[in-house]
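J.: Provided herewith is a single structure, encoded as structure tokens, for subsequent inquiry.
The values are calculated or read from the model by the stated rules, or taken from the named source; none is laboratory data. Given the structure is predicted, the values throughout are model-derived calculations rather than measurements. Ideal geometry is used to build each Cβ from the backbone, glycine not excepted, and the neighbour counts take in all protein chains shown.
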Amino acid sequence: MTLTCNSAAKDSAVCRRWRMAGVRSQHTNFERPIGAWRLLKLVRRGGLIAVDNTLALSGAPIIELGSRSTHAQAMLAFNELACKDERVDEAMLTVGEGLTLLRVR
């Protein structure tokens, strides 16, 4: 069964039951990483949210791309939010183009 964040968040039976969820940040959809915060309603305490492609874009580090890329700006903003959000513990892995793991507190 496949659920979207929006449909699952409306179903109270689904809330806070998932152990793990993933967000694939696609280079064509800049808002995707922000969907990770919607998953906080669905993933139980101690559960993981994995966000893909958080450190590089087509092999170039996002920190170097900065203002030249809308996607890089979105990922930099996501990484900043993840670092400061007290609802999660963050770990960034340098696998592929970056994988951020968020453990729900």
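J.: Among the residues of segment 50-66, what is the count of those that are among the β-branched types (Val, Ile, Thr), surrounded by 15 or more Cβ atoms within 10 Å (Cβ to Cβ) and more than 14 Å from Trp37 (Cα to Cα)? So that I can check it myself, show each step before the final result.
T.: Within segment 50-66, the subset among the β-branched types (Val, Ile, Thr) is 51, 54, 62-63.
Still in the running and surrounded by 15 or more Cβ atoms within 10 Å (Cβ to Cβ): 51, 54, 62.
Now narrow it down to the ones that are more than 14 Å from Trp37 (Cα to Cα): 54, 62.
The qualifying residues number 2.
J.: Criterion first (touching a helix residue (DSSP H, G or I) at 6+ places or on another chain (Cβ under 8 Å), at pLDDT 85 or above and surrounded by 12 or more Cβ atoms within 10 Å (Cβ to Cβ)) does Val23 satisfy it?
T.: On the way: touching a helix residue (DSSP H, G or I) at 6+ places or on another chain (Cβ under 8 Å): yes; at pLDDT 85 or above: no; surrounded by 12 or more Cβ atoms within 10 Å (Cβ to Cβ): yes.
So Val23 fails the test.
J.: From the list Ala82, Ala50, exactly one residue is modelled with pLDDT of 85 or more, part of a helix (DSSP H, G or I), closer than 15 Å to Leu102 by Cα and among the small types (Gly, Ala, Ser). Which is it?
T.: Numbers: Ala50 fails: part of a helix (DSSP H, G or I).
Going through Ala82, Ala50 in turn, the sole match is Ala82.
J.: So which pairs qualify, if the first residue must be in segment 67-89 and surrounded by 15 or more Cβ atoms within 10 Å (Cβ to Cβ), the second must be assigned to a loop (DSSP other than H, G, I, E, B) and of a type in the set (Lys, Arg), the Cβ gap must be under 7 Å, and the two must be at least 6 apart or on different chains?
T.: Qualifying pairs under 7 Å: Val88/Arg105.
J.: Just need a number here: residues in segment 26-46 that are outside any helix (DSSP H, G or I), closer than 23 Å to Ala56 by Cβ and modelled with pLDDT of 80 or more.
T.: Going through segment 26-46, the residues outside any helix (DSSP H, G or I) turn out to be 26-31, 42-46.
If we keep only those that are closer than 23 Å to Ala56 by Cβ too, we end up with 26-31.
This time we only want the ones that are modelled with pLDDT of 80 or more, so: none.
Residues meeting the conditions: 0.
J.: Here is a follow-up. Does segment 40-62 contain any residue that is in contact with a strand residue (DSSP E or B) (Cβ under 9 Å, 6 or more places away or on another chain), over 25 Å from Arg19 (Cα atoms) and of a type outside the set (D, E, K, R)? Full working, then the answer.
T.: Filtering segment 40-62 down to residues in contact with a strand residue (DSSP E or B) (Cβ under 9 Å, 6 or more places away or on another chain) leaves 40, 42-55, 62.
In the following step, the residues that additionally are over 25 Å from Arg19 (Cα atoms) were identified as 62.
Going one step further and asking which of them are of a type outside the set (D, E, K, R), we end up with 62.
Checked against the condition, which is being in contact with a strand residue (DSSP E or B) (Cβ under 9 Å, 6 or more places away or on another chain), over 25 Å from Arg19 (Cα atoms) and of a type outside the set (D, E, K, R), segment 40-62 yields at least one hit.
J.: Now, a different point. Please go through segment 87-105 and pick out each residue that is among the charged types (D, E, K, R) and assigned to a loop (DSSP other than H, G, I, E, B). If you could, list the steps in order and put the result at the bottom.
T.: Applying the first criterion (among the charged types (D, E, K, R)) to segment 87-105 yields 87, 89-90, 97, 103, 105.
Matches in segment 87-105: Arg87, Glu97, Arg105.
J.: Of everything in segment 63-105, what is among the acidic types (Asp, Glu), over 22 Å from Arg16 (Cα atoms) and more than 14 Å from the chain's Cα centre (by Cα)? Give them in sequence order. Full working, then the answer.
T.: Here is the first cut: in segment 63-105, the ones among the acidic types (Asp, Glu) are 64, 80, 85-86, 89-90, 97.
Pick out the ones that are also over 22 Å from Arg16 (Cα atoms) and you get 64, 80, 97.
If the condition is that a residue be among the acidic types (Asp, Glu), over 22 Å from Arg16 (Cα atoms) and more than 14 Å from the chain's Cα centre (by Cα), then Glu64 is the only one that fits.
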